[in-house]
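What follows is one structure encoded as structure tokens, with my remarks underneath.
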Amino acid sequence: MARVVVDVMLKPEILDPQGQAVANALPRLGVTDVSSVRIGRRIEIEFAGEADLDRAREIADKLLANPVIEDFDIRVAEDA
Amino acid sequence: MARVVVDVMLKPEILDPQGQAVANALPRLGVTDVSSVRIGRRIEIEFAGEADLDRAREIADKLLANPVIEDFDIRVAEDA
Amino acid sequence: MTSQPDTATSGAAASPSEKKPTGFAATDVLINEFAGAPDTVERAYQTSTELQPHTELGLKDDEYERIRQILGRRPTASELAMYSIMWSEHCSYKSSKVHLRQFGEKTPQNTRMLAGIGENAGVVQISDELAVTFKVESHNHPSFVEPYQGAATGVGGIVRDILAMGARPIAVMDPLRFGAADHPDTARVLPGVVAGIGGYGNCLGLPNIGGEIVFDPTYQGNPLVNALSIGVLPVERLQHKEAAGVGNIVVLLGARTGRDGIGGVSVLASATFDDEAEQRRPSVQVGDPFMEKLLIESCLELYDAGLVAGIQDLGGAGLTCALTETAAAAGTGMRVWLERVPLREASMSPTEILASESQERMLLIVTPENLAPVLAVAEKWGVWATAIGEVTQSEPDGSPGRLVISWNDHIVVDVPPGSLADDGPVYARPIREPADLILLQADKAETLPRPATGDELRETVLRMAASPNLCDKTWVTEQYDRYVLGNTILAQPEDSGVLRIDERTGLGVALSVDGNGRFARLDPYEGAKLALAEAYRNVAVTGAEPVAVTDCLNFGSPEDPAVMWQFAEAVRGLADGCQLLGTPVTGGNVSFYNQTGAAAIHPTPVVGVLGVFDDVARRIPMGFTSPTGDGDLLFLLGE
Amino acid sequence: MRIGVVTFPGSLDDGDAARAARIAGAEAVRLWHGDPELHGVDAVVLPGGFSYGDYLRCGAIARFAPVMETIIDAARGGLPVLGICNGFQVLCEAHLLPGALTRNQHLHFRNRDQWLRVVSPDTAWTNNFTEGQEILIPVKNGEGCYVADAHTLDALEAEGRVVARYINGNPNGSQRDIAAITNEAGNVVGIMPHPEHAVEALTGPSLDGLGFFTSVLRALAGATAGGQQSGGHQ
Ligand SMILES: Nc1ncnc2c1ncn2[C@@H]1O[C@H](COP(=O)(O)OP(=O)(O)O)[C@@H](O)[C@H]1O
């Protein structure tokens, strides 16, 4: 068992309405020193055997991230 | 400027239909050694000044994660 | 975080190979700075021979020459981008204008029409107090590039058109065309498009009351995503786009401006691209329906308080279009300080700010004394509102004023706004009947085998029932909210959507959109008439009186004479049909360049008909009224 | 009787909830998210929609609206509160109701006319129904799948706090087919389907939704009659 983590975030120039809505809500919680919030997805892929980074990259590229608007970052989880 | 990353994942006992949908699609891509996929949120909080972990933890606890169904993990981003 | 540009772009290759080239990066030529400063008018005078990338921006040599003539110098980088946007096919209607005139010429006089072609949307009076406005528009190319966001922002765009007329948007419809149902790329495009339309419309709280889903291989590399919206307004709330009143303030309302879809919609929808352009896609627009909902509520509050002198939505052509059109419509000048525009990314150049297609924005013209209350309403709803300019005088000789735009004290634009908005090139493109038409028409339906026995008939019926074009559409329509607002009288699977407009009187409307690309391919003149007749019938059978028409004309490249012939014929057919029925075309949209390589889609005029009910309680649903149908009599009308 | 209907930024079915309250015979009072005042209403409806765009999690941001602080206190004090769809999500996020509403298991938004069985008529919002009554009400949501841990689910059932269940098909994968639940006191009810869209023959699949609004009027009339002098009867 090994786990690969894929972080998918919107490209920096792409509007992130979710992050914006959260950022706008923070002052109501008394938080004023946050300049921006970006929200993406974190995906944990559990391999039956060895962690296969290439495989995971292929999955991320084809299925998990939308290359038109998102970038992703991939790594083997330390704690798995 | 400093960035804190909050990872929010569904608790293990909560069904994750999205992750399951991805897992179910994998064999069609020729991937057969993945035993499970879980999809959560990755939230990047940019602080105007110092990264304030306690603040971030409070935000995560009150707003970013729903303790009924989700766990979160929090850290200062290395690359920020 | 570390992005992975190489893997990210290779994702494009994972899509099918016949994928439509998705445009050159107009941004490459738009970010034009000189030692940190932008290209200014002053500089343009000094460097009049400097070469400019006008062809990359889609401008022909003679078009570029005309710009130089108009300005008496070379355009600045920002001006060049503005002309490229406003003179694009998408914004200028340069190939279709000469044909669309027929809608005006052939339309019977009609007292219901309060605003017609040329406005953001046509407005039709339906009672002493109330009017409705409706329009259908395309978002075909963006929806192929990124199905969810493309379709979502298509809904957002048409809704802002309706809002700009002073109306509260009250429903949407979505005529859609996809490639073969079993093609792998349809599995990418269709779910994304449907989710995008639902995601945006549902979140805005607009019931979806109908549409179409047609599968045909002709749309494989070029699906059609048309979106219709309808809104209602008290007659006296009708809004205008004119930036009238010297000294009035120009206010940008709504979302902040980012690098969305720069060189996108307008340029993308106005040319075919070659395959090398594939990798350099324009950045796509991402919609924020929540922001749009706040924008709607704040605009309606502003209208009702009488705080708005003029308003225009920001669509595909962004600030460029809104500034030039509002100024040109009034014949005034305008002075704009671009650095005041709230940005998502501080590093944006003036040209990028002018070309950005960021969604969920409106441009307001307000009197100076109304500025404070306008900002207060915006604040109440939590949307940005910023005074970015003011209306200035026309020229001393009485000719229209100039649009002068500065950026941090640099004058980057100084143009006559009418030259962008109204005086773009107009082409009478060559037309030629498609060579294969005779063959197509000779292949008569009468020669097809007919079911002769009961079993064959049964088999035919089953095959038809199972065909993607006739089968149940619930998988799609269940993703759309049809109940919200509580005035939906009929929606899918009925022939028309029916809405109650006035709860006290039962006043209401019926709407249907129809089109048939296969008919139009065989005979575009009759095909357009048939689309009109079908929508008209669908409205009539619900019990409403059809009163007005909108249309979205989806065609291939206007530079192909055969396509242009199809277009000319379809427009003639629709105009003749409307004349015959006595229903005016109140507005619509032309979408050209729908093709893959040299192969154009079937000509696809999509026609929407609006009908009026004095009491929606009289609506006639299509099912039997008693649960069993016992005792109902069936009649067949017509020949 | 005055029924307050809250408008959050992004509320969509607020007008419909107000209309339903009026049709049931109440006075509908519109409440604004930013105003902590309840303006003397006798009951509150948190309507459907996409408050704050439903970004992050449905209802997560709305819960912090100023009006919610007052409503949370008042609900603990017995004020009848009905959360419909997004309102249900807000009630869970505000911890007035247990559990959470998550993404529909089939991952799509779904709008259809849905049969429900009323399991508990012992709430402020369902006392006009009979136990086991089957009603037809539109459902429309993308995140309506009710989840809670087994312990909570068992407790809800044991305490008669499951108010309605989906029948003839579960539209979103909710655990134990739960469509509506209530708090211990029976004054706070969360329901995923939309009773306010089944109050008129012209626009709804039935008139079954009206029962929720007439129930609260009856509950309020009863409370007034029992409490102080006899109030007006509906
Ligand atoms: N994309 C769509 N969006 C909304 N409603 C749709 C869509 N496609 C079809 N519908 C609706 O589904 C119903 C059935 O569609 P269809 O099978 O095309 O019927 P018809 O052939 O009678 O037009 C109609 O009410 C139509 O308006």
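The values are calculated or read from the model by the stated rules, or taken from the named source; none is laboratory data. All figures in this text were calculated on a predicted structure; none of them were measured in a lab. Backbone-built Cβ (ideal geometry, glycine too); neighbour counts: all protein chains shown. SASA here: full protein model, heavy atoms, side chains in, ligands and nucleic acids out. Shrake-Rupley method; radii C 1.70, N 1.55, O 1.52, S 1.80 Å.
Set against the 2.2 N^0.38 Å expectation for a compact globular protein, the protein assembly as shown has a Cα radius of gyration ratio of 0.94.
Think of it as helices only: each DSSP H run of n ≥ 4 in the protein assembly as shown is worth -39500 (n - 2.57), and spread over all residues that comes to -9000 deg cm²/dmol at 222 nm. Between residue C:626 and residue B:58, the modelled label-to-label distance comes to 7.0 nm, taking each label 7 Å out from Cα in the direction of the beta carbon. Mind grabbing the accessible area of residue A:29 for me, 1.4 Å probe, Å², rounded to tens? For residue A:29, solvent-accessible area is about 30 Å². Exposed loop sites were defined as trypsin sites (Lys or Arg not before Pro) in DSSP loop states (anything but H, G, I, E or B) carrying at most 13 other C-beta atoms within 10 Å; in chain C the longest segment without such a site runs C:61-431. Interface area, chains A and B: about 2700 Å² of buried accessible surface, summed, with a 1.4 Å probe and ligands, DNA and RNA left out. What does the charge dipole of the protein assembly as shown about its Cα centre add up to, to the nearest 20 debye, if the Cβ of each Lys and Arg holds +1 and the Cβ of each Asp and Glu holds -1? It comes to approximately 1220 debye. In the structure displayed, which of B:62/C:380; B:11/B:62; C:106/C:529 lie more than 22 Å apart, Cα to Cα? Exceeds cut-off: B:62/C:380. Springs join every pair of Cα atoms under 10 Å in this Gaussian network model of chain D, and among D:221, D:60, D:158 the largest mean-square fluctuation is at D:158. Chain C contacts chain D over a buried accessible area of about 2400 Å², both sides summed; the probe is 1.4 Å and only protein chains count. For chain C, the solvent-accessible area with a 1.4 angstrom probe is 38 square angstrom per residue. For the protein assembly as shown, the antiparallel share of DSSP beta bridges with both residues in that region comes to about 80%.
Take the alpha carbon gyration tensor of the stretch D:22-157, find the square roots of its eigenvalues, order them as a ≥ b ≥ c, and report rounded if a/c is under 1.5; if not, report prolate when a/b exceeds b/c, else oblate. Here the stretch D:22-157 falls in the rounded category. Note on residue C:236 and residue C:427: the extension gain reaches 65.0 nm, defined as 0.36 nm multiplied by sequence separation minus the Cα-Cα distance.
Compared with the direct C-alpha span, the chain from residue C:447 to residue C:399 gains 10.8 nm at full extension, assuming 0.36 nm per residue.
Rounded to the nearest 10 degrees, the inclination of helix C:524-541 to the longest alpha-carbon principal axis of chain C is 70 degrees. For the protein assembly as shown, the carbon plus sulfur part of the accessible surface works out to 52%, probe radius 1.4 Å. Spacing of the modelled spin labels on residue D:113 and residue D:131, each 7 Å from Cα toward Cβ, amounts to 2.9 nm. Three principal axis extents describe the C-alpha atoms of chain A; from largest down they are 47, 30, 13 Å. Between residue B:13 and residue A:78, the modelled labels are 2.9 nm apart [label points 7 Å from Cα along Cα→Cβ]. Here chain C is assigned +1 on the Cβ of each Lys and Arg and -1 on the Cβ of each Asp and Glu. Its dipole about the Cα centre then comes out at about 280 debye. Taking the centroid of alpha carbons for each part, the stretch A:1-75 and the stretch D:31-75 are 30 Å apart. Ordering C:474, C:215, C:536 by Cα displacement along the dipole of the protein assembly as shown toward the positive end leaves C:536 in first place; charges were set at the Cβ atoms of Lys, Arg (+1) and Asp, Glu (-1). Site-free segments of chain A were taken between GluC sites (Glu not before Pro) in DSSP loops having at most 14 other Cβ atoms within 10 Å, sites themselves excluded; the longest one is A:1-49. Work out the FRET efficiency for residue C:466 and residue C:45 from their Cβ-Cβ distance, taking R0 = 60 Å, and round it to the nearest 0.05. That gives a FRET efficiency of 0.30. Let a ≥ b ≥ c be the square roots of the eigenvalues of the Cα gyration tensor of the stretch D:2-232; is it rounded (a/c under 1.5), or, if not, prolate (a/b larger than b/c) or oblate? Taking the square roots of the gyration eigenvalues as a ≥ b ≥ c, the stretch D:2-232 is rounded. Placing R0 at 51 angstrom, the Cβ-Cβ distance between residue C:635 and residue C:110 gives a FRET efficiency of 0.95 after rounding to 0.05.
Counting only other chains, what is the mean number of Cβ atoms within 10 angstrom of the Cβ of each residue in peptide B:18-25?
3
Classification of chain C by its C-alpha gyration tensor yields a prolate form. The axis ratio a/c (a ≥ b ≥ c) is 1.5 or more, and a/b outweighs b/c.
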